[in-house]
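Peer 1: Starting off with a structure, shown below.
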């Protein structure tokens, strides 16, 4: 996936299907917003195969990310755990 640097280890979809998060071996947690049906190729001549860029890049873990989860009813709340023994829980601010 574009926008990530390390090997992807764990991933999760938000309950509403609007976001996907992936944790990597380099300790980063990347979150992508999933385009809604019909969003692709709205512009004339636009390449619908263009890569998505992460909306949020969340550094913090000193080791690999070993677990990622969205809150079951709050798609803006995300948790991650790493080999560093630290758990992070945070709210993703809308852009």
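Peer 1: Tally time: how many residues in the range 56-87 are surrounded by fewer than 16 Cβ atoms within 10 Å (Cβ to Cβ) and at pLDDT below 85?
Peer 2: Adding up the residues that qualify gives 3.
Peer 1: Something else: Select from the range 65-91 the residues that are part of a loop (DSSP other than H, G, I, E, B) and closer than 18 Å to residue 17 by Cα and list them in ascending order.
Peer 2: 71, 72, 73, 74, 75, 76
Peer 1: What number of residues within the range 1-55 satisfy the criterion of being modelled with pLDDT of 85 or more and surrounded by fewer than 12 Cβ atoms within 10 Å (Cβ to Cβ)?
Peer 2: Counting residues in the range 1-55 that are modelled with pLDDT of 85 or more and surrounded by fewer than 12 Cβ atoms within 10 Å (Cβ to Cβ) gives 1.
The values are calculated or read from the model by the stated rules, or taken from the named source; none is laboratory data. These numbers were taken from a predicted model, which means no experiment stands behind them. Counting neighbours? That spans all protein chains shown, and the Cβs are built from the backbone with ideal geometry, glycine included.
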